[in-house]
Amino acid sequence: NRIKEQSNWLKPLMRAAAILAICFGSYYYTTTLDTNFTTEFAQKENVLLPDNSKVKLNAKSSLSFNNKDWKNSRDIELNGEAYFKVAKGSKFTVHTNAGDISVLGTEFNVKNRTNLFEVICYEGSVKVEYNTITRILKPGESVLVLDKKLVKRPIIKNNNPFWINNESAFNSIPYTQVIAEFERQYNVIFSVNTINTNQLFTGSFAHNNLDIALQAITIPLNLAYTKNNNKISLKRE
């Protein structure tokens, strides 16, 4: 009987301990799990970070961060393009597979695409680390790496990137990058035939009218285009 009484007394205690263990495990898992944001073709998203820093994520991009100890370690993983307005506080670092960008409080744009890595500072100062190169950028200054080569750029005079106002702009950028950005903004696929996509393009296109945008990127290079659903073929006129 005494053994039976002990057993009856222990069962609720063990059940409570099991529930506590599950709750603790669930809490630990959710607080250490990364928060992820991803955009699809022709989609942009505004992200508010735990410290009220603001991020605008461009099409076909993703970022992740961890809430745990955010106040002491503001770290973000970025794949794609994003514009940051960073609240003042501890060190804020954006990690990409091309390089890291560190600030305390500022506005800047990071573009990390295939064969292209670009950082532009719009306010405050930004430290960019790419391979063995470290640069401190002031407003209007930028770092551009094309095909793993550092490219010298003029001072940027606009107050923010064009894409946050639904326009993509390029200054002596290989045409292949222009086409890739167009595909992200309009969810289309280009067939370029024998066109030299390494030629440099300067110009822009809007994100709200497909035909006008196509004219903007083809007329300056004397190209013609045909459309078939979401497939676009380019050719010389």
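The values are calculated or read from the model by the stated rules, or taken from the named source; none is laboratory data. Keep in mind it's a predicted model, so treat the numbers as computed, not measured. With ideal geometry, Cβ positions are generated from the backbone for all residues, glycine too; neighbour counts draw on all protein chains shown. Accessible surface is based on the protein model in full, side chains and every heavy atom, while ligands, DNA and RNA are left aside. Shrake-Rupley method; radii C 1.70, N 1.55, O 1.52, S 1.80 Å.
Only one of (1) within 22 Å of the chain's Cα centre (by Cα); (2) in contact (Cβ under 8 Å) with a residue 40 or more places away in the chain is not met by ALA169, so which one is it?
Unmet condition: (2).
Residues in region 129-146 that are free of Cβ contacts under 8 Å to residues at least 12 places away in the same chain and of a type in the set (Val, Ile, Thr): how many?
Total satisfying the criteria: 3.
Tell me which residues, restricted to region 106-146, are of a type in the set (S, T, N, Q), open to solvent by 30 Å² or more (accessible area, probe 1.4 Å) and within 16 Å of the chain's Cα centre (by Cα).
Matches in region 106-146: THR114, ASN115.
Out of everything in region 195-217 that is assigned to a loop (DSSP other than H, G, I, E, B) and within 19 Å of ILE173 (Cα to Cα), what residue ends up being most open to solvent (accessible area, probe 1.4 Å)?
My answer is ASN198.
Would you mind stating whether ILE156 is part of a loop (DSSP other than H, G, I, E, B), surrounded by 11 or more Cβ atoms within 10 Å (Cβ to Cβ) and hydrophobic (A, V, I, L, M, F, W, C)?
It is true that ILE156 is part of a loop (DSSP other than H, G, I, E, B), surrounded by 11 or more Cβ atoms within 10 Å (Cβ to Cβ) and hydrophobic (A, V, I, L, M, F, W, C).
Between a residue in region 178-201 that is more than 15 Å from LEU223 (Cβ to Cβ) and any residue that is surrounded by fewer than 19 Cβ atoms within 10 Å (Cβ to Cβ) and among the hydroxyl-bearing types (Ser, Thr, Tyr), which pairs come within a Cβ distance under 9 Å, given they are 6 or more apart or on different chains?
ALA180/THR114
Can you work out which of the residues in region 218-237 that are free of Cβ contacts under 8 Å to residues at least 40 places away in the same chain and outside any strand (DSSP E or B) is nearest to GLU181 (Cα to Cα)?
THR218
Select from region 53-87 the residues that are at positive phi and open to solvent by 20 Å² or more (accessible area, probe 1.4 Å) and list them in ascending order.
Passing the criteria: LYS60, ASP69.
Looking only at strands (runs of 3 or more DSSP E) that fall completely inside region 95-134, which ones have 3 or more residues that are at pLDDT 95 or above, in contact with an Asp or Glu (Cβ under 9 Å, 6 or more places away or on another chain) and over 24 Å from ASN72 (Cα atoms)?
107-113, 116-123
Six or more apart or on different chains, Cβ atoms under 6 Å: show the pairs whose first residue is in region 147-165 and farther than 20 Å from LEU57 by Cβ and whose second is assigned to a loop (DSSP other than H, G, I, E, B) and of a type in the set (S, T, N, Q).
Close Cβ pairs satisfying both conditions: ASP147/ASN115.
Filter region 91-135 down to the residues that are hydrophobic (A, V, I, L, M, F, W, C) and under 22 Å from ASN171 (Cβ atoms) and list them by number.
ALA98, ILE101, PHE108, VAL110, LEU116, PHE117, VAL119, ILE120, CYS121, VAL126, VAL128, ILE133, listed by residue number.
Here are some residues: PHE41, PHE37. Which one is modelled with pLDDT of 95 or more and open to solvent by 70 Å² or more (accessible area, probe 1.4 Å)?
Criteria check complete, one pass: PHE41.
Going residue by residue through region 224-234, is there one that turns out to be surrounded by 14 or more Cβ atoms within 10 Å (Cβ to Cβ), farther than 24 Å from ASN46 by Cα and among the small types (Gly, Ala, Ser)?
yes
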